[in-house]
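A short reminder: the numbers here are calculations on the coordinates, not readings from a lab. None of these values were measured; they are calculated from a predicted model. Cβ coordinates were reconstructed from backbone atoms using ideal geometry, including for glycine residues, and neighbour counts include every protein chain displayed.
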């Protein structure tokens, strides 16, 4: 299975997917830590995470999958949401909470 196919299966097979540097318990960059904190603040308990530092082919592949150059990347219900800045803005406006409520109901 190539990286794009693996990413597609991860994104469509899980309601909330976060491609990040490190793990939720031990983020390896501030932006990844911020994304995890925001998701937890929204009450999300089931996050499918991928540590791109442990999977170099996914680290490169995810940048092409959504045509987005940076990590972390958040996907909800198979759709690309954005990186850390967008996730933070959506959290502050209340949009992210609404989006994640729909994902929790589908899980």
* Structure fact -> Listing 1, 90 by rising number of other beta-carbon atoms within 10 angstrom, fewest first, gives 1, 90
* Asked: Once you put a point 7 Å from the Cα of residue 28 and another 7 Å from the Cα of residue 92, both along the Cβ direction, what distance in nm separates them?
  -> 2.9
* Asked: Mean residue ellipticity at 222 nm from the helices of the chain, using -39,500 (n - 2.57) per DSSP H segment of n ≥ 4 over the full residue count, to the nearest 500 deg cm²/dmol?
  -> -15500 deg cm²/dmol
* **Unit Cα scatterers, Debye sum, the chain: log10 I(q)/I(0) for q = 0.12 Å⁻¹** => -0.34
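For the chain, give the share of DSSP beta bridges that are antiparallel, in percent and rounded to the nearest 5; count only bridges with both residues there.
65
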